[in-house]
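Shown next, in structure tokens, is the structure this report addresses.
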Amino acid sequence: PPTPPPKSQSTPLLVSATTAPASEEVDIMGRGVATLVTLAFSAGEADQQQAAGMIANYLLRREYLQPLIDGGLLHTLCHLSESAHVGILNFVGLAFYRVVQAKSARPTVARNEACVERLVALGEHRSNMVARQAARSMCELLKEEAVRPGLLRRGVLKIVGRLLQSPMAEHQREALASLASLAEHEANHAHLLHAPFDLVQQLQALVLREQASTSQNIGLFFLVAVIFQLLTKDSLDLAGPRITRHALQALVLLARHGLELVRNPAHATLQRLIARYGDALAPSLAAAE
């Protein structure tokens with residue numbers, strides 16, 4: 001088997017995961033893939049972590065994606081994802097995310113049962129960093145309508161929920177954009193509204209948390225307002241009771257927002273609820289004031 005590159009050619013792990021390599025570092029178009037695979041299947045954690053970091057590195061170069069996949073990338077990432085070492089798992093999650101950022105690779109990953117199983121496992125990891133990287137990958141996979149029903153049946157939304165609870169606005173925005181895309185189709189509403197995911201309660205918590213913060217991320221509020229509007233447009237009987245019971249306070253806050261971009265969809269949802277439930281909604285509205 002090919003021997004690993006000498007230590008002098010190794011890139012520090014953090015840099016290797018965030019900096020695109022020079023083309024001469026490893027011949028990815030030739031025997032370099034075999035070198036990475038050999039490192040990944042080594043018994044030593046240091047070698048495995050180096051391999052995971054280098055894979056994440058090379059995936060910054062889009063032209064390396066297909067050669068890596070052809071050379072066994074997905075099987076290698078699944079193997080590395082079995083590690084108990086959080087440092088290795090962080091790089092594995094980052095590598096998976098960079099793979100599925102390419103639209104052409106998403107169907108291949110989504111139809112690979114081992115990949116989906118390992119991403120689900122990573123999404124349930126005790127480490128928030130590991131779980132959120134897996135959730136970002138799942139948001140990308142859910143963009144593909146052809147594979148979306150199967151993923152939803154696997155219960156992957158609970159992983160997206162981990163991303164929604166992240167303190168990072170970028171993570172929250174990725175999760176909300178994915179959820180808004182799902183909410184555009186009535187067929188997905190049952191998955192969004194039923195336990196254990198329960199999107200409505202998660203949106204209420206997010207709005208109240210962000211309302212109390214100093215950042216006041218307008219983009220997040222807009223996406224939440226749009227999701228409420230989409231859910232009540234096609235699934236009022238299903239979403240209406242949940243919103244009035246668990247998220248009316250958030251909806252009222254959005255309906256009174258200073259920007260029309262946020263206020264208009266929230267106000268439309270609120271009027272829809274008032275038209276359906278009438279006077280029965282008055283006590284709940286008073287309590288939400």
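The values are calculated or read from the model by the stated rules, or taken from the named source; none is laboratory data. Not measured: the values here are computed from a predicted model. Note: ideal-geometry Cβ built from the backbone for every residue, glycine included; neighbour counts use all protein chains shown. For accessibility, only protein heavy atoms count, side chains too; no ligands or nucleic acids. Shrake-Rupley method; radii C 1.70, N 1.55, O 1.52, S 1.80 Å.
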- Loop-only check: which trypsin sites (Lys or Arg not before Pro) in the stretch 233-289 are DSSP coil with at most 15 other Cβ within 10 angstrom? Arg256
- When the label point is put 7 Å from the Cα of His246 along its Cα-to-beta-carbon vector, which residues of the stretch 190-229 have a backbone N closer than 14 Å? 190-207, 228
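Determine, from the Cβ-Cβ distance of Leu261 and His75 and an R0 of 41 Å, the FRET efficiency 1/(1 + (r/R0)^6), rounded to the nearest 0.05. Don't skip to the end; give the middle numbers.
On the way: r = 45 Å, r/R0 = 1.11.
Efficiency at R0 = 41 Å is approximately 0.35.
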- Note on the structure: Phi-derived 3J(HN,Hα) across the stretch 236-247 with the Karplus relation (6.51, -1.76, 1.60, θ = phi - 60°), rounded Hz, x for Gly and Pro, is 4, 5, 8, 7, x, x, 5, 5, 5, 7, 10, 9
- Item | Rg and Dmax [Cα atoms of the stretch 29-150; Å; Rg one decimal, Dmax integer] | 13.3, 40
- Query: Among all lysine pairs in the chain that are eight or more places apart or on different chains, how many have alpha carbons less than 29 angstrom apart?
  - Reply: 5
- Tell me, in nm to one decimal, what length is gained between Ser42 and Arg111 on full extension, where the rule is 0.36 nm per residue of separation less the Cα-Cα distance? 22.1 nm
- Would you mind checking the stretch 97-118 for residues with the amide N under 15 Å from a putative spin-label position 7 Å along Cα→C-beta of Glu184? none
- Query: Taking the chain as the region of interest, what is the percent of Cα-Cα pairs per 5 angstrom bin, listed from the shortest bin to the one with the maximum distance?
  - Reply: 1, 6, 12, 15, 15, 12, 10, 9, 7, 5, 4, 2, 1, 1, 0, 0
- Item | Label-to-label distance, nm, for residues given as Ala84 and Ala169 (7 Å Cα→Cβ offset) | 4.0 nm
- Task: Tell me the GluC sites (Glu not before Pro) within the stretch 147-207 that lie in a loop according to DSSP and have at most 14 other beta-carbon atoms within 10 Å.
- Result: Glu184
- Query: Under a point spin-label approximation (7 Å from Cα along Cα-to-Cβ), what is the Ala195-Arg154 distance to one decimal in nm?
  - Reply: 2.5 nm
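Work out how much length Asp279 to Met129 would gain on full extension: take 0.36 nm times their residue separation and subtract the Cα-Cα distance, in nm to one decimal. Let's see the in-between values first.
On the way: separation 150, 0.36 × 150 = 54.00 nm, distance 4.60 nm.
Using 0.36 nm per residue and subtracting the Cα-Cα distance, I get 49.4 nm.
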- Query: Which loop trypsin sites (Lys or Arg not before Pro) in the stretch 67-142, with loop taken from DSSP, have no more than 15 other Cβ atoms within 10 angstrom of their Cβ?
  - Reply: Arg111, Arg126
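Considering only protein heavy atoms and a 1.4 Å probe, what is the carbon-and-sulfur percentage of the accessible area of the chain? Working shown, then result.
Values: 6950 of 12900 Å².
Carbon plus sulfur share of accessible area: 54 percent.
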- Could you tell me how many degrees, from 0 to 90 and to the nearest 10, lie between the Cα long axis of helix 113-123 and the main elongation axis, the longest principal axis, of the Cα atoms of the chain? 70 degrees
- Plugging the Cβ-Cβ distance of Gln271 and Glu144 into 1/(1 + (r/R0)^6) at R0 = 45 Å yields, to the nearest 0.05, a FRET efficiency of 0.85
